[in-house]
Amino acid sequence: MRFACLILMAGALVAQGEHGSTDSLMEGFRKLADERRALVKDERLSVTWEKREGAWFCLFNDSQGKVEVSCADGSPAERKGGMGKKSLKLESKSGFKDWSGFRSWDQKHSVSIEKGKTVSLGDWKAEAPEGWIWDKRIQWSKNSRFFQITRVRDVSEREVHYIRSSPKDSLQPEHFINRYPKAGDELRDRVPVIFRIDGKKMEIDSKMIENPYSISKVHWLDENRLRFEFIERGFGKYRLLELNVETGATRVVAEEVDEKFIHVFDKCGWWSLAGGKILWRSERDGWSHLYLIDETSGERKHLTKGNWVVRGINQVKGDEVIFSLSGYHADQDPYQKHWATLNWRSGKMMMLTEGDGTHDLQWSPDGSSYVDRWSRPDHPPVHELRRKSDGKLIAELSRASGKDAMMPERFVTKDREGRYDIHGLIWKPVGFDSAKKYPVVENIYAGPHGAFVPKDWRSWHGHISEMTASGFVVVKLDGRGTNYRGKEFQQFAYKNLKDSGFPDRKKWISEAAESRPWMDLERVGLYGGSAGGQSTLAALLWHPEFYKVGAADCGCHDNRMDKIWWNEQWMDWPLDESYAANSNTEHVKLLKGKLFLSVGEVDTNVDPSSTMQVVDALIRADKDFEFYHVPNGRHGVGESSYMRRKRIEFFQRAFGGGLTR
């Protein structure tokens, strides 16, 4: 006989499989979240700004009421009323402008395109080569003597077909199609072509754009030069190229080359500066840094350097660059985000933040001052008013009061080889009793594109907090193969996604348990979605001696089944045997632990067939598992209320009720 859906056991909310219990379970979680948030005051100030008699003031409300301070010296001022102005939003515009149209700038010429096969101007025509078509987009040079048009390889993109079994507004199922190129597919290559108004054609040097993944950001730099970006398929080359329409020559303005991969969409970029200079972001020395490049000579100058990483360019204005970074302070967590300014002419860099935490800035409308909110998972937020000219503290506006006894613990130990510090968090269960032992559940996401352990303060950590409220110790860490720790650390994932940092993770959890005997290493499980779902199943297949239970949602279980850009970024192209070696689907015979699978039937991010093929392979291998194929479910359906309840119940069953020992 099953009892009420919510049972308070040792201070924890325990889900029971009674019909209709989801709402009451979620209501219990909401009440607990509200209680946790009430423990700490002034977690985030709503800041506005007001200019009065030529001086700026910072306005906000804290737990004590309305406050107004001078941006000049931090002195309190009399509240005048009104809402004030919102914070300035920094803008980082990339180094190109775009314009297109069929008619030339001087309005004397107009291009026609017939059925994608023929482009014509006046009395001349140009046919697209066999197997290609002309795009409909035209870009004219400012002198109206040349125009650029894109030649597109005429191939069909892969289509994934879906059946929505239970439409909200229809009894009958619905069919729809999603265009979805997968790893290894033939691409609709897009190659810029230049025509002079008399019909003379100019093409880019084909040797400089071999095997393109993309050619993008095509724009006229001036009347004679067309500039664009090239990314090689497999992500081994990234180039900024330029075609001179007077000489017909193509040249490399700047480029990056790597034998494994270049993380183009996160570690590359360029910004046009005065005097024919380019601000260039690169990881060529092993760390994400900024360089100054002379666009004529190609001369390159290091602007930032060291064993730390540039995280993002937030504004380029005049001689000044405002950017975020991490790992700069050797005595701090290397993932914590800080901010700095850089004068690209002098090379002088100045830190804007200093507190031991992750920083988030809100700027005054004139950009002369800012509010720095910094925190850590184990340190409630501090709000500081600072001056941009020197980064100095003007006034501490608020220091969050109170303490949450359930905040996570930080833990650090070395990786599998003793080379890198591995950072993570440990959450104790609600009603924690150090004399008891608790199951350990890891929330995993090991995608190489980022790092995923929270670095700022949160009173409530969503599904993680729900798991702690259900009787589990929860851990989360970033192992080798993830981002923001330098190129070598990240490139461990190259053709090696199944590793997911598991040797680092097992070592980290085991060493954490040495000083925390309440962590029961006989009951270790994990859960995750998307790439985290892939890692979850991989843990059960290749590390069953450690991970006994796993819940995998919407996993990309075979990288040949998933979208082209994400998978070829790490697994390379052309496809080789590494894809099969990293496939969960091809290795399900190794399964020993308890597995919970879920997927949404209309997931357009990861093809649902990736999970369905795992299900098919499991059945053929005569393996036991639990599976939910959710009608109308999209990507991440495992984080819906119903599925979160089912996941909690699964872990409680798998670990003998989810209770302490």
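Observations, loosely collected:
- Residue among ARG311, ARG300 that alone is open to solvent by 30 Å² or more (accessible area, probe 1.4 Å) and over 30 Å from TRP374 (Cβ atoms): ARG300
- A Cβ distance below 6 Å, combined with a sequence gap of six or more or placement on separate chains, defines the contacts here; from segment 497-516, residues that are on the phi > 0 side of the Ramachandran plot reach residues that are buried (at least 22 other Cβ atoms within 10 Å of the Cβ) and assigned to a helix (DSSP H, G or I) in the pairs SER500/SER535; SER500/ALA538.
- Number of positions in segment 264-281 that are of a type in the set (S, T, N, Q) and more than 17 Å from SER216 (Cα to Cα): 0
- Residues of segment 376-417 satisfying the condition of being outside any loop (DSSP other than H, G, I, E, B), among the hydrophobic types (A, V, I, L, M, F, W, C) and either touching a helix residue (DSSP H, G or I) at 6+ places or on another chain (Cβ under 9 Å) or open to solvent by 50 Å² or more (accessible area, probe 1.4 Å) (or both): LEU393, PHE411, VAL412
- Put simply, of ASP185, ASP123 the only residue that is acidic (Asp, Glu), touching a residue at least 24 places away in the same chain (Cβ under 8 Å) and either open to solvent by less than 50 Å² (accessible area, probe 1.4 Å) or within 26 Å of GLY248 (Cβ to Cβ) (or both) is ASP185.
- Residue count for segment 106-116 satisfying the condition of being more than 13 Å from ASP198 (Cβ to Cβ) and surrounded by 15 or more Cβ atoms within 10 Å (Cβ to Cβ): 2.
- Filter pass, ARG644 being without any contact (Cβ under 8 Å) to a residue 12 or more places away in the chain, closer than 26 Å to LYS437 by Cα and not in a loop (DSSP other than H, G, I, E, B): no
- Residue within segment 7-21 that is at pLDDT 85 or above and surrounded by 12 or more Cβ atoms within 10 Å (Cβ to Cβ) present: yes
- For segment 591-614, the tally of residues that are surrounded by 19 or more Cβ atoms within 10 Å (Cβ to Cβ) and not in a loop (DSSP other than H, G, I, E, B) stands at 11.
- Filtered residues of segment 195-234 (kept if in a strand (DSSP E or B) and touching a Gly at 6+ places or on another chain (Cβ under 8 Å)): MET202, TYR213
- VAL152 vs. criteria assigned to a strand (DSSP E or B), within 26 Å of the chain's Cα centre (by Cα), closer than 30 Å to LYS125 by Cβ and not small (Gly, Ala, Ser): no
- Of the residues screened, ILE177 is not one that is open to solvent by 50 Å² or more (accessible area, probe 1.4 Å), part of a strand (DSSP E or B), modelled with pLDDT of 95 or more and in contact with a Pro (Cβ under 6 Å, 6 or more places away or on another chain).
- Enumeration of residues in segment 31-50 that are in contact with a Lys or Arg (Cβ under 7 Å, 6 or more places away or on another chain) and in a helix (DSSP H, G or I): none
- Filter result (among the aliphatic types (A, V, I, L, M) and part of a strand (DSSP E or B)) within segment 235-245: LEU240, LEU241, LEU243
- Qualifying residue in segment 345-352 (condition: surrounded by 15 or more Cβ atoms within 10 Å (Cβ to Cβ) and part of a strand (DSSP E or B)): yes
- Across segment 418-432, the qualifying residues are those that are at pLDDT 95 or above and surrounded by fewer than 18 Cβ atoms within 10 Å (Cβ to Cβ), and the one among them that is nearest to GLU442 (Cα to Cα) is ASP421.
- Long-range neighbours under 6 Å by Cβ, at least six apart or interchain, first residue within 16 Å of ASP372 (Cα to Cα) within segment 62-73, second in a strand (DSSP E or B) and open to solvent by 60 Å² or more (accessible area, probe 1.4 Å): VAL69/PRO76
- Whichever residue in segment 615-633 is assigned to a helix (DSSP H, G or I) and without any contact (Cβ under 8 Å) to a residue 12 or more places away in the chain and, among such residues, is surrounded by the fewest Cβ atoms within 10 Å (Cβ to Cβ): ARG620
- Hey, LEU243 crowded, with 18+ Cβ neighbours inside 10 Å and touching a residue at least 60 places away in the same chain (Cβ under 8 Å) or not: no
- Restricting segment 249-264 to residues that are within 21 Å of MET571 (Cα to Cα) and touching a strand residue (DSSP E or B) at 6+ places or on another chain (Cβ under 9 Å), the residue that is surrounded by the most Cβ atoms within 10 Å (Cβ to Cβ) is ILE262.
- When residues of segment 132-169 are limited to those that are free of Cβ contacts under 8 Å to residues at least 24 places away in the same chain and in contact with a Lys or Arg (Cβ under 8 Å, 6 or more places away or on another chain), the one surrounded by the fewest Cβ atoms within 10 Å (Cβ to Cβ): GLU159
- Residue among PHE452, PHE502 that alone is within 22 Å of the chain's Cα centre (by Cα), hydrophobic (A, V, I, L, M, F, W, C) and open to solvent by 40 Å² or more (accessible area, probe 1.4 Å): PHE452
- Considering only residues in segment 251-293 that are among the hydroxyl-bearing types (Ser, Thr, Tyr) and not in a loop (DSSP other than H, G, I, E, B), the one that is farthest from ASN496 (Cα to Cα) turns out to be SER272.
- Subset tally (residues that are among the hydroxyl-bearing types (Ser, Thr, Tyr) and in contact with a helix residue (DSSP H, G or I) (Cβ under 9 Å, 6 or more places away or on another chain)) for segment 418-443: 1
The values are calculated or read from the model by the stated rules, or taken from the named source; none is laboratory data. Everything quoted here is computed from the prediction, not taken from an experiment. Glycine also receives a Cβ, built like all others from the backbone with ideal geometry; neighbour counts cover every protein chain displayed. Ligands, DNA and RNA are stripped out before the accessible areas are found, and what is left, the full protein with its side chains, is counted by its heavy atoms. Shrake-Rupley method; radii C 1.70, N 1.55, O 1.52, S 1.80 Å.
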